[in-house]
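Engineer: One structure coming up, written as structure tokens, with questions to follow.
Only the coordinates and a few stated rules stand behind these numbers; no lab work does. All figures in this text were calculated on a predicted structure; none of them were measured in a lab. Backbone-built Cβ (ideal geometry, glycine too); neighbour counts: all protein chains shown.
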Amino acid sequence: MTESNASSPELAEGDIVELTVGEVAHGGIFVARHSSGRVVFVSDALPGERVRAQVTEIKKRHARAETLQVLEASPERLEHVWAEADVSRDPAERPGGAEFGHTSVAFGRELKRRVLADALSRFGGVEPDFEVVGLGDDDATRGCGWRTRVTLHVDEAGRVGPFAARSHDVVRVGSLPLAYADIDELAQQIIAKGHRGPGRIDFVAPADSEVRMRARVKGTSTRKPELLTERVGEREFTVSEDGFWQVHRLAAATLYEAVREAIDPEHFDAEAQHYDLFGGVGLLAAAVAELAGADARVESVEAAAVATELALRNLSEWSGATAKTGRVDRYLQGVLEGGADALAASRAGTVVLDPPRSGARADVIEPLVVLGPQQIIYVACDPVALGRDTGLLRERGYELTRLRSYDLFPNTHHVEAVATFLRA
Ligand SMILES: C[S@@+](CC[C@H](N)C(=O)[O-])C[C@H]1O[C@@H](n2cnc3c(N)ncnc32)[C@H](O)[C@@H]1O
């Protein structure tokens, strides 16, 4: 480890450098420029700070570094919400998953707003006015106690804990402040005892019952996943313990409402054929069906067969609601090969699109725009993927007319957006 000479033209891994920190970038990191001219992405910093940081990676065009010491702190800096993730700890021992825990939840939302706005402008060519809305009492709790799903890892030695940030090394922690309190309590008992490994332990706190814990050691699960009940208002959804469900205890209800509000009523034909693509267990299909009424025709499309079966069950009150297992891109190709009546019903419909982090991409956007629904409600968990897909949709005749954003993951860099696109 060497102190880098400020006038040195080159940086090397392990160098310790002083950096003035600039804007936030995607992924919970901040942009700095070293005196050599190289861009350095530094973690655990804030805009405007001066930090001492260690270079961890050198790439062709940039470097990565981790803050070791804050020399001049931002007025937005707070004591880290997770003691073990604080800059005072060795970076190799800091758990990942709370990249914005060293500022307030409100300033974390502002950082996320900047990242989303930049991605939409840069890749999508749009500059909508929006803020990132917080959930429930997250400001009052400093964004603690919201995670109803937590995964811990077990190493060869039987040590249990989260992975260190940007690594697959298990670190020991004395608390999981972002987790639901009951998960934290059970997890601490397991951390203290250790567990057979290597593997992972998944904790789930469903709406209606006690915390479940399920371990996978050397790739083999200790038991079958159970079916759980989750609630959104008065509505119940059956989900598999190991299947997708929103993590924040208020997220499913927030997105359910957000999708209903995002649907432009002037472009909503209740009798048309609607779709919930990447539908999971049918959460957002239910939101569309509730708007369309008792005779709603909505099809949920999802790659995981177990989730499709559960979607059928969760949507059973609407006789016109269906669920299909398949890859969305291939499914859309199939719809395009259907009869003229089916195509006309779909063209009059609304499509909800809720892809994983990688986004919908051209494979899905291309057949979707050929299908040409009246409106597309895009639920996005990755700002850059949304920016790119916005660019594709705009090139092919859709315009972004409304954008809302929600802080479903306080203290992390993740941000959710719900965008309405209308056929121009
Ligand atoms: C972000 S989740 C959304 C689930 C659901 N909309 C919800 O809010 O509960 C994305 C879902 O897409 C599914 N998925 C991922 N890739 C897929 C693909 N190529 N085709 C169909 N489903 C896919 C995943 O299994 C997951 O259930």
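Engineer: If the only charges are +1 at each Lys and Arg Cβ and -1 at each Asp and Glu Cβ, what is the size of the charge dipole of segment 284-424 around the Cα centre, to the nearest 20 debye?
Structural biologist: Dipole size: approximately 240 debye.
Engineer: Pairs of alpha-carbon atoms within less than 8 angstrom and 6+ residues apart define the contacts here; what relative contact order does the chain have, in percent?
Structural biologist: It rounds to 13 percent for the chain.
Engineer: Based only on Cα atoms, what Rg/Rh ratio does segment 16-77 have, Rh being taken as Kirkwood's radius?
Structural biologist: A ratio of 0.92.
Engineer: Could you calculate, for segment 149-225, the ratio of the Cα radius of gyration to the Kirkwood radius, expressed as Rg to Rh?
Structural biologist: 0.95
Engineer: Continuing with the same structure: Using the Karplus equation 6.51 cos²θ - 1.76 cosθ + 1.60 (θ = phi - 60°), what ³J(HN,Hα) coupling, rounded to whole Hz, does each residue of segment 154-169 give in order, writing x for Gly and Pro?
Structural biologist: For segment 154-169, the Karplus curve yields 10, 8, 4, 7, x, 6, 10, x, x, 6, 5, 4, 6, 8, 10, 8 Hz.
Engineer: When the Kirkwood radius is taken over all Cα pairs of the chain, what Stokes-Einstein diffusion coefficient follows at 37 °C and 0.692 mPa s, in µm²/s?
Structural biologist: Details: Rh = 23.0 Å.
The diffusion coefficient I find is 143 µm²/s.
Engineer: If the cut-off is a Cα-Cα distance under 25 Å, which lysines reach Lys224, setting aside same-chain residues fewer than 8 apart in sequence?
Structural biologist: Lys193, Lys324
Engineer: I've got another one for you. Just to compare against my own numbers: the Cα pair-distance distribution for segment 4-151, 10 Å bins, whole % per bin, please.
Structural biologist: 11, 37, 34, 16, 2
Engineer: Can you check what the net charge comes to around Val160, using other residues whose Cβ is under 9 Å from the Cβ of Val160 (Lys, Arg +1; Asp, Glu -1)?
Structural biologist: Around Val160, the charge tally is +2.
Engineer: How far is helix 383-395 tilted, in degrees, relative to the longest principal axis of the Cα atoms in the chain, given as a value from 0 to 90 rounded to the nearest 10?
Structural biologist: The angle comes out at about 40 degrees.
Engineer: Relative contact order for segment 149-225: what is it in percent, counting Cα pairs under 8 Å that are at least 6 residues apart?
Structural biologist: Values: 133 pairs, mean separation 23.5, N = 77.
Computed over segment 149-225, the figure is 30 percent.
Engineer: Another one. Could you grab the relative contact order for segment 16-77? Cα pairs under 8 Å, six or more apart, rounded to a whole percent. Kindly include the intermediate steps, with their values, before the conclusion.
Structural biologist: Values: 153 pairs, mean separation 19.2, N = 62.
After rounding, I find 31 percent.
Engineer: If you don't mind, there's one more thing I want to ask. So what J values fall out for segment 310-316 if you push phi through Karplus, 6.51 cos²θ - 1.76 cosθ + 1.60 with θ = phi - 60°, rounded to Hz, Gly and Pro as x?
Structural biologist: 5, 4, 4, 5, 5, 9, 5
Engineer: Can you give the Rg/Rh ratio of segment 233-300, where Rg is from the C-alpha atoms and Rh is the Kirkwood radius? Write out the running numbers ahead of the final one.
Structural biologist: Working: Rg = 12.3 Å, Rh = 12.7 Å.
My calculation of the ratio gives 0.97.
Engineer: State whether segment 296-340 is rounded, prolate or oblate according to the following rule on the C-alpha gyration tensor (a ≥ b ≥ c being the square roots of its eigenvalues): a/c under 1.5 gives rounded; otherwise a/b larger than b/c gives prolate, and the remaining case gives oblate.
Structural biologist: oblate
Engineer: Sketch the reach of a paramagnetic label on Lys59 as a point 7 Å from Cα along Cα-to-Cβ, and name the residues of segment 352-366 whose backbone nitrogen lies under 20 Å away.
Structural biologist: Answer for segment 352-366: 357-359.
Engineer: What share of all Cα pairs of segment 352-424, in percent, falls into each consecutive 5 Å distance bin?
Structural biologist: 3, 17, 30, 26, 13, 6, 3, 1
Engineer: Using Cα atoms only, what is the angle between the long axis of helix 105-124 and the major principal axis of the chain, expressed in degrees (0 to 90) to the nearest 10?
Structural biologist: 60 degrees
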